[in-house]
Amino acid sequence: MKALLTIEKLHKDFVLHGQGGIAIKVMHDLSLELHRGECLVLAGRSGIGKSTLLKMLHGNYLAERGSIRIHFDDGLLELTDLPTHAWHRVRRDVVGYVSQFLRVVPRVSAREVVMEPLLARGAYAQDARQRAETLLARLNLPERLWSLPPGTFSGGEQQRVNIAEGFIGEHPLLLLDEPTASLDATNRDVVVEMISEAKARGCALLGICHDEDVRSRVADRLLPLDEHLMARTSSQETF
Amino acid sequence: MTRSVLESPVGEKPVLDKPVLERPDLDSPALLDVESITRLYGPGKGCEAIDFRLHAGEVLGIVGESGSGKSTLLRILAGLEAPDAGRVTYYPLDRSLSDHSREGELDLYGIGDARRRALLRLEWGLVHQNPRDGLRMGVSAGANIGERLMALGDRHYGQLRAAGCDWMRQVELDAERIDDAPQTFSGGMQQRLQIARTLVTRPRLVFMDEPTGGLDVSVQARLLDMLRTLVRQLGLSVVLVTHDLAVARLLSHRLLVMRQGRVVEAGLTDQILDDPQHAYSQLLVSSVLTP
(Lines give C-alpha, C1' and ligand atoms only; values in the text may rest on other atoms or scores of the structure.)
Protein backbone atom coordinates (compact mmCIF):
# COMPACT_ATOMS: atom_id res chain seq x y z
CA MET A 1 0.00 0.00 0.00
CA LYS A 2 1.17 3.48 -0.91
CA ALA A 3 2.28 5.71 1.93
CA LEU A 4 0.02 8.57 2.99
CA LEU A 5 2.97 10.91 3.43
CA THR A 6 6.26 10.91 1.57
CA ILE A 7 9.03 13.39 2.26
CA GLU A 8 11.98 13.53 -0.08
CA LYS A 9 15.29 15.34 0.31
CA LEU A 10 13.88 18.08 2.46
CA HIS A 11 16.10 21.04 3.31
CA LYS A 12 15.55 23.93 5.66
CA ASP A 13 17.71 26.98 6.35
CA PHE A 14 16.91 30.01 8.41
CA VAL A 15 18.47 33.15 6.97
CA LEU A 16 18.74 35.92 9.55
CA HIS A 17 18.86 39.21 7.71
CA GLY A 18 19.26 41.20 10.92
CA GLN A 19 22.44 39.24 11.74
CA GLY A 20 24.28 39.95 8.52
CA GLY A 21 22.43 37.27 6.58
CA ILE A 22 23.74 34.26 8.51
CA ALA A 23 22.18 31.04 7.25
CA ILE A 24 21.42 28.44 9.91
CA LYS A 25 20.98 25.05 8.32
CA VAL A 26 18.53 23.03 10.37
CA MET A 27 17.63 20.24 8.01
CA HIS A 28 19.55 18.54 5.30
CA ASP A 29 18.27 15.88 2.95
CA LEU A 30 15.54 14.41 5.10
CA SER A 31 13.40 11.68 3.54
CA LEU A 32 10.70 9.54 5.13
CA GLU A 33 7.50 7.63 4.47
CA LEU A 34 4.48 7.35 6.70
CA HIS A 35 1.55 4.98 6.18
CA ARG A 36 -2.03 5.14 7.31
CA GLY A 37 -2.54 3.58 10.70
CA GLU A 38 1.12 4.09 11.58
CA CYS A 39 2.78 6.21 14.25
CA LEU A 40 6.33 7.37 13.54
CA VAL A 41 8.22 9.03 16.37
CA LEU A 42 11.08 11.42 15.65
CA ALA A 43 14.02 10.93 17.95
CA GLY A 44 17.13 12.95 18.62
CA ARG A 45 18.37 15.60 21.01
CA SER A 46 16.66 18.95 21.51
CA GLY A 47 17.39 21.47 18.80
CA ILE A 48 17.98 18.89 16.14
CA GLY A 49 14.98 19.96 14.07
CA LYS A 50 12.12 17.71 15.16
CA SER A 51 9.66 20.54 15.74
CA THR A 52 10.95 22.22 12.59
CA LEU A 53 9.83 19.23 10.57
CA LEU A 54 6.36 19.28 12.13
CA LYS A 55 6.07 23.00 11.45
CA MET A 56 7.04 22.50 7.81
CA LEU A 57 4.31 19.88 7.48
CA HIS A 58 1.81 22.34 8.94
CA GLY A 59 2.84 25.28 6.77
CA ASN A 60 4.31 27.40 9.56
CA TYR A 61 7.81 27.01 8.13
CA LEU A 62 8.67 27.14 4.45
CA ALA A 63 10.84 24.40 2.95
CA GLU A 64 14.01 25.45 1.14
CA ARG A 65 14.10 22.46 -1.17
CA GLY A 66 12.64 18.98 -1.40
CA SER A 67 9.13 17.64 -1.47
CA ILE A 68 6.38 16.85 1.01
CA ARG A 69 3.57 14.89 -0.56
CA ILE A 70 0.28 13.60 0.76
CA HIS A 71 -1.16 10.75 -1.27
CA PHE A 72 -4.92 10.45 -1.43
CA ASP A 73 -6.82 7.63 -3.08
CA ASP A 74 -7.59 9.97 -5.98
CA GLY A 75 -4.36 11.92 -6.33
CA LEU A 76 -1.55 13.63 -4.49
CA LEU A 77 -0.91 17.01 -2.99
CA GLU A 78 2.53 18.66 -2.93
CA LEU A 79 2.69 20.77 0.20
CA THR A 80 5.89 22.65 -0.57
CA ASP A 81 4.31 24.63 -3.40
CA LEU A 82 0.76 24.88 -2.17
CA PRO A 83 -0.85 28.27 -2.83
CA THR A 84 -1.39 30.12 0.44
CA HIS A 85 -5.18 30.01 0.39
CA ALA A 86 -5.15 26.23 -0.13
CA TRP A 87 -3.46 25.77 3.26
CA HIS A 88 -6.65 26.83 5.02
CA ARG A 89 -8.46 23.76 3.76
CA VAL A 90 -5.47 21.43 4.15
CA ARG A 91 -5.25 22.41 7.81
CA ARG A 92 -8.97 22.17 8.31
CA ASP A 93 -9.40 18.76 6.68
CA VAL A 94 -6.08 16.96 6.27
CA VAL A 95 -3.23 17.91 8.59
CA GLY A 96 -3.99 18.23 12.30
CA TYR A 97 -1.51 19.54 14.84
CA VAL A 98 -1.18 19.18 18.59
CA SER A 99 1.23 21.92 19.53
CA GLN A 100 3.31 21.93 22.66
CA PHE A 101 2.02 25.30 23.77
CA LEU A 102 -1.48 26.64 23.75
CA ARG A 103 -2.04 29.88 21.90
CA VAL A 104 -4.52 31.60 24.13
CA VAL A 105 -7.24 33.78 22.64
CA PRO A 106 -8.66 36.18 25.20
CA ARG A 107 -12.19 35.38 26.36
CA VAL A 108 -12.52 32.10 24.45
CA SER A 109 -13.41 29.22 26.77
CA ALA A 110 -11.64 25.84 26.81
CA ARG A 111 -14.80 24.24 25.45
CA GLU A 112 -14.93 26.66 22.52
CA VAL A 113 -11.23 26.19 21.77
CA VAL A 114 -11.88 22.46 21.39
CA MET A 115 -15.09 22.97 19.34
CA GLU A 116 -13.37 25.30 16.87
CA PRO A 117 -12.01 22.71 14.37
CA LEU A 118 -15.50 21.23 13.95
CA LEU A 119 -17.21 24.62 13.74
CA ALA A 120 -14.73 25.61 11.04
CA ARG A 121 -16.08 22.70 8.98
CA GLY A 122 -19.61 23.94 9.46
CA ALA A 123 -20.67 21.42 12.13
CA TYR A 124 -23.70 22.20 14.27
CA ALA A 125 -22.70 23.92 17.50
CA GLN A 126 -24.65 21.35 19.50
CA ASP A 127 -22.76 18.41 17.97
CA ALA A 128 -19.39 20.13 18.27
CA ARG A 129 -20.12 20.93 21.88
CA GLN A 130 -21.02 17.36 22.68
CA ARG A 131 -17.88 15.97 21.06
CA ALA A 132 -15.73 18.58 22.79
CA GLU A 133 -17.19 17.81 26.20
CA THR A 134 -16.78 14.07 25.68
CA LEU A 135 -13.09 14.59 24.91
CA LEU A 136 -12.48 17.00 27.79
CA ALA A 137 -14.17 14.58 30.19
CA ARG A 138 -12.12 11.71 28.86
CA LEU A 139 -8.96 13.73 29.45
CA ASN A 140 -10.12 14.37 33.02
CA LEU A 141 -10.28 18.14 32.70
CA PRO A 142 -12.53 19.23 35.58
CA GLU A 143 -15.93 20.36 34.30
CA ARG A 144 -15.73 23.67 36.17
CA LEU A 145 -12.87 24.68 33.84
CA TRP A 146 -14.70 24.03 30.58
CA SER A 147 -16.32 27.45 30.37
CA LEU A 148 -13.16 29.36 31.39
CA PRO A 149 -10.49 30.69 29.01
CA PRO A 150 -7.45 28.41 29.39
CA GLY A 151 -5.00 31.30 29.87
CA THR A 152 -4.82 30.75 33.62
CA PHE A 153 -4.81 26.94 33.52
CA SER A 154 -1.83 24.87 34.67
CA GLY A 155 0.56 23.46 32.07
CA GLY A 156 -1.05 20.02 32.22
CA GLU A 157 -4.56 21.43 31.93
CA GLN A 158 -3.60 23.56 28.92
CA GLN A 159 -1.96 20.57 27.31
CA ARG A 160 -5.15 18.54 27.63
CA VAL A 161 -7.12 21.34 25.95
CA ASN A 162 -4.55 21.26 23.14
CA ILE A 163 -4.85 17.48 22.80
CA ALA A 164 -8.63 17.62 22.68
CA GLU A 165 -8.47 20.39 20.05
CA GLY A 166 -5.98 18.38 17.98
CA PHE A 167 -7.85 15.07 18.10
CA ILE A 168 -11.43 16.30 17.70
CA GLY A 169 -11.10 16.83 13.94
CA GLU A 170 -9.89 13.25 13.26
CA HIS A 171 -7.54 14.49 10.54
CA PRO A 172 -5.96 11.78 8.34
CA LEU A 173 -2.49 13.09 9.29
CA LEU A 174 -1.85 14.18 12.84
CA LEU A 175 1.31 15.90 14.08
CA LEU A 176 2.07 15.58 17.77
CA ASP A 177 4.61 17.84 19.46
CA GLU A 178 5.33 16.37 22.90
CA PRO A 179 1.69 15.63 23.64
CA THR A 180 2.34 14.09 27.05
CA ALA A 181 5.15 16.29 28.37
CA SER A 182 3.20 17.82 31.26
CA LEU A 183 0.72 15.03 31.98
CA ASP A 184 0.43 12.65 34.92
CA ALA A 185 0.37 8.86 34.46
CA THR A 186 -3.44 8.59 34.27
CA ASN A 187 -3.73 11.19 31.52
CA ARG A 188 -0.70 9.81 29.69
CA ASP A 189 -2.62 6.52 29.50
CA VAL A 190 -5.63 8.32 28.05
CA VAL A 191 -3.47 9.91 25.35
CA VAL A 192 -1.86 6.55 24.54
CA GLU A 193 -5.37 5.10 24.11
CA MET A 194 -6.42 8.01 21.90
CA ILE A 195 -3.37 7.52 19.70
CA SER A 196 -4.11 3.79 19.38
CA GLU A 197 -7.71 4.54 18.39
CA ALA A 198 -6.55 7.10 15.83
CA LYS A 199 -4.24 4.48 14.31
CA ALA A 200 -7.09 1.97 14.23
CA ARG A 201 -9.23 4.33 12.17
CA GLY A 202 -6.40 4.80 9.66
CA CYS A 203 -4.87 8.01 10.90
CA ALA A 204 -1.14 8.48 10.24
CA LEU A 205 0.71 10.09 13.14
CA LEU A 206 4.08 11.79 13.22
CA GLY A 207 5.23 12.79 16.65
CA ILE A 208 7.86 13.98 19.03
CA CYS A 209 7.88 12.24 22.36
CA HIS A 210 10.69 12.13 24.87
CA ASP A 211 8.82 9.97 27.38
CA GLU A 212 10.29 6.47 26.92
CA ASP A 213 7.24 4.69 28.27
CA VAL A 214 4.73 6.50 26.04
CA ARG A 215 7.06 6.21 23.08
CA SER A 216 7.39 2.46 23.39
CA ARG A 217 3.63 2.08 23.63
CA VAL A 218 2.65 4.23 20.62
CA ALA A 219 5.57 4.19 18.18
CA ASP A 220 5.57 1.69 15.33
CA ARG A 221 8.92 3.07 14.18
CA LEU A 222 11.52 5.53 15.43
CA LEU A 223 13.32 7.94 13.13
CA PRO A 224 16.58 9.17 14.64
CA LEU A 225 17.38 12.62 13.28
CA ASP A 226 21.11 12.84 14.08
CA GLU A 227 22.29 11.86 10.64
CA HIS A 228 20.53 14.88 9.17
CA LEU A 229 22.71 17.15 11.22
CA MET A 230 25.73 16.74 8.98
CA ALA A 231 24.98 19.93 7.10
CA ARG A 232 24.88 22.01 10.23
CA THR A 233 28.19 20.73 11.61
CA SER A 234 29.98 21.23 8.34
CA SER A 235 28.58 24.71 7.81
CA GLN A 236 29.49 25.78 11.32
CA GLU A 237 33.13 25.47 10.39
CA THR A 238 32.73 28.02 7.64
CA PHE A 239 31.15 30.65 9.91
CA MET B 1 -12.32 3.07 -9.98
CA THR B 2 -10.52 3.26 -6.69
CA ARG B 3 -7.18 1.71 -5.93
CA SER B 4 -8.71 -0.85 -3.56
CA VAL B 5 -11.03 -2.15 -6.26
CA LEU B 6 -8.12 -2.50 -8.65
CA GLU B 7 -6.07 -4.46 -6.17
CA SER B 8 -8.77 -6.85 -5.07
CA PRO B 9 -8.88 -10.32 -6.63
CA VAL B 10 -11.29 -10.74 -9.55
CA GLY B 11 -14.81 -11.73 -8.59
CA GLU B 12 -14.38 -10.90 -4.96
CA LYS B 13 -15.99 -7.96 -3.25
CA PRO B 14 -13.37 -5.33 -2.51
CA VAL B 15 -12.47 -5.14 1.14
CA LEU B 16 -12.07 -1.57 2.29
CA ASP B 17 -10.41 -1.86 5.65
CA LYS B 18 -9.93 1.88 5.69
CA PRO B 19 -12.30 4.47 4.33
CA VAL B 20 -11.36 6.00 1.00
CA LEU B 21 -9.37 9.16 1.49
CA GLU B 22 -10.23 11.83 -1.04
CA ARG B 23 -8.10 14.75 -2.05
CA PRO B 24 -9.76 17.87 -0.70
CA ASP B 25 -11.08 20.43 -3.13
CA LEU B 26 -8.69 23.32 -2.73
CA ASP B 27 -10.26 25.74 -5.18
CA SER B 28 -12.22 28.47 -3.53
CA PRO B 29 -13.80 31.12 -5.72
CA ALA B 30 -12.08 34.47 -6.12
CA LEU B 31 -13.89 37.47 -4.71
CA LEU B 32 -11.49 40.25 -5.55
CA ASP B 33 -8.58 40.46 -8.00
CA VAL B 34 -6.10 43.26 -7.53
CA GLU B 35 -3.72 43.88 -10.43
CA SER B 36 -0.80 46.32 -10.51
CA ILE B 37 -2.50 48.90 -8.32
CA THR B 38 -0.44 52.08 -7.97
CA ARG B 39 -1.32 55.34 -6.24
CA LEU B 40 1.60 57.59 -5.39
CA TYR B 41 1.54 60.93 -3.60
CA GLY B 42 5.30 61.17 -3.77
CA PRO B 43 8.29 58.79 -4.00
CA GLY B 44 7.61 55.86 -1.62
CA LYS B 45 4.38 57.51 -0.43
CA GLY B 46 1.21 55.64 -1.29
CA CYS B 47 1.23 52.18 -2.79
CA GLU B 48 2.89 50.71 -5.82
CA ALA B 49 2.45 47.65 -8.04
CA ILE B 50 0.15 45.72 -5.71
CA ASP B 51 -1.15 42.34 -6.88
CA PHE B 52 -3.20 39.79 -5.01
CA ARG B 53 -6.34 37.71 -5.10
CA LEU B 54 -8.81 37.44 -2.26
CA HIS B 55 -10.71 34.17 -2.01
CA ALA B 56 -14.20 33.72 -0.62
CA GLY B 57 -14.20 33.21 3.15
CA GLU B 58 -10.68 34.54 3.63
CA VAL B 59 -9.55 37.13 6.14
CA LEU B 60 -6.58 38.95 4.63
CA GLY B 61 -4.50 41.12 6.93
CA ILE B 62 -2.41 43.99 5.55
CA VAL B 63 0.34 44.86 8.02
CA GLY B 64 3.09 47.45 8.07
CA GLU B 65 4.14 50.58 9.90
CA SER B 66 2.53 54.00 9.53
CA GLY B 67 3.23 55.41 6.11
CA SER B 68 3.68 51.99 4.51
CA GLY B 69 0.72 52.62 2.22
CA LYS B 70 -1.66 50.11 3.78
CA SER B 71 -4.48 52.57 4.39
CA THR B 72 -4.14 54.04 0.89
CA LEU B 73 -4.43 50.52 -0.50
CA LEU B 74 -7.52 49.84 1.59
CA ARG B 75 -9.19 53.05 0.40
CA ILE B 76 -8.57 52.00 -3.20
CA LEU B 77 -9.89 48.48 -2.63
CA ALA B 78 -12.99 49.79 -0.89
CA GLY B 79 -13.87 52.06 -3.81
CA LEU B 80 -13.12 55.31 -2.01
CA GLU B 81 -10.14 56.52 -4.00
CA ALA B 82 -9.22 55.78 -7.62
CA PRO B 83 -5.72 54.40 -8.30
CA ASP B 84 -3.31 56.08 -10.76
CA ALA B 85 -2.94 52.74 -12.50
CA GLY B 86 -4.07 49.16 -12.18
CA ARG B 87 -7.35 47.36 -11.87
CA VAL B 88 -9.58 46.04 -9.08
CA THR B 89 -12.00 43.34 -10.23
CA TYR B 90 -14.84 42.19 -8.01
CA TYR B 91 -17.01 39.15 -8.68
CA PRO B 92 -20.46 40.17 -7.44
CA LEU B 93 -23.20 37.85 -6.23
CA ASP B 94 -25.80 40.15 -7.74
CA ARG B 95 -25.37 39.68 -11.48
CA SER B 96 -27.05 43.02 -12.22
CA LEU B 97 -23.97 44.71 -10.75
CA SER B 98 -21.60 43.08 -13.22
CA ASP B 99 -20.20 44.71 -16.35
CA HIS B 100 -22.31 44.54 -19.47
CA SER B 101 -19.48 43.02 -21.45
CA ARG B 102 -18.42 40.49 -18.83
CA GLU B 103 -21.06 38.60 -16.88
CA GLY B 104 -20.16 37.95 -13.24
CA GLU B 105 -17.37 40.49 -12.90
CA LEU B 106 -17.04 44.19 -12.36
CA ASP B 107 -14.20 46.64 -12.84
CA LEU B 108 -14.38 48.74 -9.68
CA TYR B 109 -13.17 51.94 -11.28
CA GLY B 110 -14.69 51.22 -14.70
CA ILE B 111 -18.22 51.52 -13.34
CA GLY B 112 -19.85 54.81 -12.43
CA ASP B 113 -20.16 56.30 -8.95
CA ALA B 114 -23.81 55.27 -8.69
CA ARG B 115 -23.07 51.62 -9.30
CA ARG B 116 -20.08 51.74 -6.95
CA ARG B 117 -22.31 53.18 -4.23
CA ALA B 118 -24.88 50.45 -4.90
CA LEU B 119 -22.12 47.87 -4.48
CA LEU B 120 -21.09 49.36 -1.12
CA ARG B 121 -24.71 49.24 -0.04
CA LEU B 122 -25.54 45.76 -1.32
CA GLU B 123 -22.51 43.53 -0.95
CA TRP B 124 -19.77 45.41 0.88
CA GLY B 125 -19.22 46.90 4.29
CA LEU B 126 -16.62 49.30 5.65
CA VAL B 127 -15.48 49.63 9.26
CA HIS B 128 -13.52 52.83 9.91
CA GLN B 129 -10.83 53.14 12.55
CA ASN B 130 -12.69 56.05 14.09
CA PRO B 131 -16.33 55.12 14.74
CA ARG B 132 -17.25 58.78 14.22
CA ASP B 133 -16.45 58.33 10.53
CA GLY B 134 -18.78 55.37 10.21
CA LEU B 135 -21.66 56.43 12.46
CA ARG B 136 -24.13 59.28 12.48
CA MET B 137 -23.44 60.61 15.93
CA GLY B 138 -26.63 62.64 16.31
CA VAL B 139 -29.21 59.94 15.62
CA SER B 140 -30.09 56.95 17.82
CA ALA B 141 -28.20 53.67 17.87
CA GLY B 142 -31.26 51.93 16.43
CA ALA B 143 -31.47 54.41 13.55
CA ASN B 144 -27.76 53.91 12.84
CA ILE B 145 -28.31 50.18 12.49
CA GLY B 146 -31.58 50.57 10.57
CA GLU B 147 -30.21 53.08 8.08
CA ARG B 148 -28.29 50.57 5.99
CA LEU B 149 -31.31 48.24 5.91
CA MET B 150 -33.52 51.14 4.80
CA ALA B 151 -31.06 51.88 2.01
CA LEU B 152 -31.84 48.37 0.77
CA GLY B 153 -35.55 49.18 0.72
CA ASP B 154 -36.60 47.88 4.13
CA ARG B 155 -39.31 50.22 5.43
CA HIS B 156 -41.15 48.19 8.08
CA TYR B 157 -40.60 50.03 11.37
CA GLY B 158 -41.17 46.97 13.58
CA GLN B 159 -38.73 44.85 11.60
CA LEU B 160 -36.11 47.60 11.54
CA ARG B 161 -36.39 47.99 15.29
CA ALA B 162 -36.24 44.23 15.85
CA ALA B 163 -33.11 44.04 13.69
CA GLY B 164 -31.66 46.93 15.69
CA CYS B 165 -32.26 45.14 19.02
CA ASP B 166 -30.95 41.86 17.64
CA TRP B 167 -27.72 43.42 16.40
CA MET B 168 -27.21 45.43 19.59
CA ARG B 169 -27.21 42.07 21.40
CA GLN B 170 -24.94 40.41 18.82
CA VAL B 171 -22.28 43.04 19.44
CA GLU B 172 -22.90 42.83 23.20
CA LEU B 173 -24.52 46.23 23.58
CA ASP B 174 -27.45 46.72 25.94
CA ALA B 175 -30.55 46.70 23.71
CA GLU B 176 -32.22 49.03 26.24
CA ARG B 177 -30.02 51.77 24.85
CA ILE B 178 -31.36 51.49 21.31
CA ASP B 179 -32.81 55.02 21.48
CA ASP B 180 -29.63 56.65 22.81
CA ALA B 181 -27.34 58.53 20.44
CA PRO B 182 -23.83 57.09 19.92
CA GLN B 183 -22.26 60.25 21.33
CA THR B 184 -23.36 59.02 24.77
CA PHE B 185 -21.46 55.72 24.22
CA SER B 186 -17.85 54.93 25.13
CA GLY B 187 -15.28 54.46 22.35
CA GLY B 188 -15.48 50.66 22.54
CA MET B 189 -19.28 50.73 22.45
CA GLN B 190 -19.24 53.08 19.46
CA GLN B 191 -16.93 50.72 17.63
CA ARG B 192 -19.23 47.78 18.33
CA LEU B 193 -22.18 49.84 17.11
CA GLN B 194 -20.32 50.66 13.91
CA ILE B 195 -19.72 46.94 13.39
CA ALA B 196 -23.43 46.20 13.96
CA ARG B 197 -24.37 48.95 11.49
CA THR B 198 -22.01 47.48 8.91
CA LEU B 199 -22.93 43.82 9.32
CA VAL B 200 -26.71 44.18 9.60
CA THR B 201 -27.04 44.02 5.80
CA ARG B 202 -25.02 40.77 5.72
CA PRO B 203 -22.26 42.04 3.42
CA ARG B 204 -20.10 39.48 1.62
CA LEU B 205 -16.94 41.51 1.85
CA VAL B 206 -15.93 43.82 4.67
CA PHE B 207 -13.03 46.26 4.76
CA MET B 208 -11.67 47.16 8.19
CA ASP B 209 -9.15 49.87 8.93
CA GLU B 210 -7.49 49.36 12.35
CA PRO B 211 -10.80 48.30 13.92
CA THR B 212 -9.29 48.05 17.39
CA GLY B 213 -6.98 51.06 17.13
CA GLY B 214 -7.44 53.65 19.83
CA LEU B 215 -9.23 51.27 22.22
CA ASP B 216 -8.09 50.11 25.65
CA VAL B 217 -6.48 46.68 25.68
CA SER B 218 -9.31 45.04 27.64
CA VAL B 219 -11.88 46.50 25.23
CA GLN B 220 -9.74 45.36 22.28
CA ALA B 221 -9.77 41.73 23.43
CA ARG B 222 -13.55 41.72 23.63
CA LEU B 223 -13.91 43.30 20.20
CA LEU B 224 -11.43 40.90 18.61
CA ASP B 225 -13.19 37.87 20.01
CA MET B 226 -16.51 39.24 18.79
CA LEU B 227 -15.14 39.91 15.31
CA ARG B 228 -13.65 36.41 15.10
CA THR B 229 -16.97 34.84 15.97
CA LEU B 230 -18.99 37.02 13.57
CA VAL B 231 -16.59 36.41 10.70
CA ARG B 232 -17.02 32.67 11.09
CA GLN B 233 -20.77 32.68 11.72
CA LEU B 234 -21.53 34.95 8.76
CA GLY B 235 -18.87 33.43 6.48
CA LEU B 236 -17.46 36.90 5.80
CA SER B 237 -14.50 37.73 3.64
CA VAL B 238 -12.45 40.51 5.16
CA VAL B 239 -9.61 42.80 4.21
CA LEU B 240 -8.14 44.08 7.46
CA VAL B 241 -5.53 46.78 7.83
CA THR B 242 -3.60 46.82 11.09
CA HIS B 243 -0.18 47.76 12.41
CA ASP B 244 -0.70 45.34 15.33
CA LEU B 245 0.71 41.87 14.62
CA ALA B 246 -1.18 40.36 17.55
CA VAL B 247 -4.46 41.55 16.04
CA ALA B 248 -3.36 40.21 12.66
CA ARG B 249 -2.50 36.82 14.17
CA LEU B 250 -5.85 36.54 15.90
CA LEU B 251 -8.03 37.54 12.95
CA SER B 252 -6.29 36.88 9.64
CA HIS B 253 -5.69 33.72 7.70
CA ARG B 254 -3.22 35.34 5.36
CA LEU B 255 -0.96 38.41 5.48
CA LEU B 256 0.56 40.98 3.18
CA VAL B 257 3.52 42.82 4.68
CA MET B 258 3.89 46.34 3.28
CA ARG B 259 6.85 48.66 3.37
CA GLN B 260 7.28 51.97 1.56
CA GLY B 261 4.27 51.37 -0.62
CA ARG B 262 5.15 47.84 -1.72
CA VAL B 263 4.25 44.34 -0.61
CA VAL B 264 7.53 42.82 0.58
CA GLU B 265 6.13 39.46 1.68
CA ALA B 266 2.87 37.56 1.41
CA GLY B 267 1.89 34.26 2.97
CA LEU B 268 0.01 32.30 5.60
CA THR B 269 -0.25 34.33 8.82
CA ASP B 270 1.56 31.69 10.90
CA GLN B 271 4.30 31.39 8.33
CA ILE B 272 4.96 35.13 8.16
CA LEU B 273 5.06 35.38 11.94
CA ASP B 274 7.01 32.14 12.60
CA ASP B 275 9.30 32.02 9.57
CA PRO B 276 9.45 35.48 7.99
CA GLN B 277 11.62 35.52 4.86
CA HIS B 278 12.09 39.19 4.04
CA ALA B 279 14.49 41.31 6.09
CA TYR B 280 11.74 43.81 6.88
CA SER B 281 9.22 41.14 8.00
CA GLN B 282 11.93 39.68 10.24
CA LEU B 283 12.54 43.08 11.77
CA LEU B 284 8.82 43.68 12.25
CA VAL B 285 8.23 40.29 13.88
CA SER B 286 11.29 40.48 16.11
CA SER B 287 10.31 43.96 17.32
CA VAL B 288 7.05 42.81 18.93
CA LEU B 289 7.06 42.99 22.70
CA THR B 290 5.61 39.90 24.36
CA PRO B 291 4.52 40.36 27.96
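The values are calculated or read from the model by the stated rules, or taken from the named source; none is laboratory data. Quick caveat: nothing in here was measured; it's all calculated off a predicted structure. Positions of Cβ are backbone-derived with ideal geometry, glycine not excepted, and every protein chain shown enters the neighbour counts. Heads up: the accessible areas ignore ligands, DNA and RNA and are worked out on the full protein's heavy atoms, side chains in. Shrake-Rupley method; radii C 1.70, N 1.55, O 1.52, S 1.80 Å.
Taking each of A:LYS12/A:LYS199; A:LYS25/A:LYS199; A:LYS2/A:LYS55; A:LYS55/B:LYS70; A:LYS9/A:LYS55; A:LYS9/A:LYS50 in turn, the alpha-carbon distance tops 22 angstrom for A:LYS12/A:LYS199; A:LYS25/A:LYS199; A:LYS2/A:LYS55; A:LYS55/B:LYS70. Helix B:187-199 and the longest principal axis of the Cα set of chain B meet at an angle near 60°. In units of the compact-protein estimate 2.2 N^0.38 Å, region B:136-201 shows a Cα radius of gyration of 0.97. The length gained on full extension between A:ILE22 and A:ARG121, counted as 0.36 nm times the residue separation minus their Cα-Cα distance, comes to 31.5 nm. Compute the separation of the alpha-carbon centres of region A:151-224 and region A:1-69 and state it in Å as a whole number. Result: 20 Å between the Cα centres. Measuring r between the beta carbons of B:VAL288 and A:GLU78 and using R0 = 45 Å, the FRET efficiency lands at 0.90. Could you check how many percent of all C-alpha pairs in region A:144-191 are farther apart than 11 Å? That fraction is 70 percent.
Annotation for region A:94-176: chymotrypsin sites (Phe, Trp or Tyr not before Pro) lying in DSSP loop with at most 16 further Cβ atoms inside 10 Å of their Cβ are A:PHE101, A:TYR124.
Just how many % of Cα pairs in region B:60-194 lie over 24 Å apart, if you round to the nearest whole percent? Cα-Cα pairs in region B:60-194 separated by more than 24 Å: 44 percent.
Of all beta bridges that DSSP places with both ends in chain B, some 55 percent have antiparallel geometry. Modelled spin labels at B:GLU35 and B:ALA49, positioned 7 Å past Cα toward Cβ, are 1.7 nm from each other.
Normalised by the number of residues in chain B, the mean separation of alpha-carbon contacts (under 8 Å, six or more apart) gives a relative contact order of 22 percent. Looking at the calculated P(r) for the protein assembly as shown, what percent of the C-alpha pair distances fall above 34 Å? Summing the P(r) tail past 34 Å for the protein assembly as shown gives 45 percent.
With the charge dipole of chain A set up from +1 on Lys and Arg Cβ and -1 on Asp and Glu Cβ about the Cα centre, the Cα lying farthest toward the positive end among the listed residues A:LEU57, A:ALA198, A:LEU30 is that of A:LEU57. When B:SER287, B:SER68 are compared by accessible area of protein heavy atoms, the largest-first order is B:SER287, B:SER68, using a 1.4 Å probe. Summed over qualifying helices (DSSP H, 4 residues or more, each -39500 (n - 2.57)) and divided by its residue number, chain A shows a 222 nm mean residue ellipticity of -11000 deg cm²/dmol.
Compared with the dominant Cα axis of chain B, that is its longest principal axis, helix B:157-170 is turned about 70°.
Put a dot 7 Å past the Cα of B:HIS278, heading toward its Cβ, do the same for B:ALA151, and the two dots end up 3.3 nm apart. State the Cα centre-to-centre distance between region B:108-141 and region B:248-291 in whole Å. Here the two parts' Cα centres lie 29 Å apart. Modelled this way, with points 7 Å down the Cα-to-C-beta line, the labels at A:GLU170 and A:SER154 are 3.2 nm from one another.
When its C-alpha radius of gyration is set against 2.2 N^0.38 Å (N residues), chain B gives a value of 1.17. When all alpha carbon pairs of region A:5-238 are counted in 5 Å bins from zero, the resulting P(r) reads 1, 6, 14, 17, 18, 16, 13, 8, 4, 2, 0, 0 %.
Beta bridges from DSSP with both residues in region B:140-270: antiparallel share about 55 percent, rounded to the nearest 5. At a probe radius of 1.4 angstrom, the accessible area of the protein assembly as shown per residue rounds to 46 square angstrom. Ligands, DNA and RNA aside, A:LYS55 has an accessible area near 50 Å² when probed at 1.4 Å. For region B:197-291, the relative contact order comes to 21 percent (Cα pairs under 8 Å, sequence separation of at least 6).
Interface area, chains B and A: about 3400 Å² of buried accessible surface, summed, with a 1.4 Å probe and ligands, DNA and RNA left out.
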